[in-house]
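Worksheet: one structure, shown below.
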Amino acid sequence: MLLQFNTLNMRFLTLLIVPFLLSGIGNTTVAQDVLGGTVKYQRLANFGIEAEGEYDEFKKTLPKSRITNFILYYTDETYQFVENSKENEALTDMMKKAMYFAGTWGKPRVTLMKYYHNPQKILQIKQTEFMTRLFREEFNMKKIKWKMGTASKEILGYTCMQAQTELDGKKILAWFTPDIPISAGPERYYGLPGLMLEVNVNQGEVVWLANSIDPSIPSKDLLAKPKEGKKVKPDQYMQIQEGKIAEWERAQEMKTSDKAVRLK
């Protein structure tokens, strides 16, 4: 049977749920008092390139996925998710071509820089880069309804429990450990009575997987609320993106037209 619950007031929920989970799965590790820590995640994005039609043989030679690295800094009061640029490799020509066929290379795109969460103030701040400019979106933390499963598995030596939800039409399968009772996870995922160590989006379309955990308390500057970038509302930001992408497409059409004229 699946249990359903909301995501706010997680400290209270943790007190109720975690002991039940620990007793139910027979875990011999006692849940730690959380002061803070650092988790490194790898994001595996599968391109889903279909090797059919034009360039089908060439497509078969391209990378099938891309791995990028991110870091989550957390305490029992706030947490921040950032790109781990130091460990991300430069894009090769073949990777760029694979991303082009997957529709993620060429057009201007939004790059996540930071995702700040403050459950006490019910606040999220998403800092992104678009066409070399920084932008900030601020949200009230929304409730996410998770359905608890009964399966368990081990990740990095921690026993993890299963939970599921659906966001923006995508099915999300998360694995969290009640041994670290922090309601946090990679990117925008949160709301379970334990730290998420794996998140699977749409059956492997994107997979976030923790590959290390450091229980040392992060410095305050790593958890500081992002202030850089133009503050925008989500609908305003979408209009900016659509306008700039339309300008880019017109410029590409002009280049193609000019090239065709020169070849005549």
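The values are calculated or read from the model by the stated rules, or taken from the named source; none is laboratory data. The shown structure was predicted, so the numbers you read here are calculated from the model rather than taken from an experiment. Positions of Cβ are generated from backbone atoms using ideal geometry, with glycine treated the same way; all protein chains shown enter the neighbour counts.
The table below lists the values:
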item	result
In the range 137-151, the residues that are under 27 Å from Asp235 (Cβ atoms) and either touching a Phe, Trp or Tyr at 6+ places or on another chain (Cβ under 6 Å) or part of a strand (DSSP E or B) (or both)	Glu137, Glu138, Phe139, Asn140
Subset of the range 42-77 [in contact with a Gly (Cβ under 9 Å, 6 or more places away or on another chain), under 27 Å from Met99 (Cα atoms) and at pLDDT 90 or above]	Leu44, Leu72
Among (1) of a type outside the set (Ser, Thr, Tyr); (2) in contact with a strand residue (DSSP E or B) (Cβ under 6 Å, 6 or more places away or on another chain); (3) at pLDDT 70 or above; (4) in a loop (DSSP other than H, G, I, E, B) - the single one Asn27 does not satisfy	(3)
Leading residue by the ranking (modelled with the lowest pLDDT) among those in the range 221-264 that are surrounded by 11 or more Cβ atoms within 10 Å (Cβ to Cβ) and hydrophobic (A, V, I, L, M, F, W, C)	Trp248
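For every residue, the table says whether it meets (1) part of a strand (DSSP E or B); (2) surrounded by 14 or more Cβ atoms within 10 Å (Cβ to Cβ); (3) in contact with a helix residue (DSSP H, G or I) (Cβ under 6 Å, 6 or more places away or on another chain); (4) touching a residue at least 60 places away in the same chain (Cβ under 8 Å).
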position: Gln120; (1), (2), (3), (4): no, no, no, no
position: Gln127; (1), (2), (3), (4): yes, yes, no, yes
position: Leu134; (1), (2), (3), (4): yes, yes, no, yes
position: Lys153; (1), (2), (3), (4): yes, no, no, no
position: Ala163; (1), (2), (3), (4): yes, yes, no, no
position: Glu166; (1), (2), (3), (4): yes, no, no, no
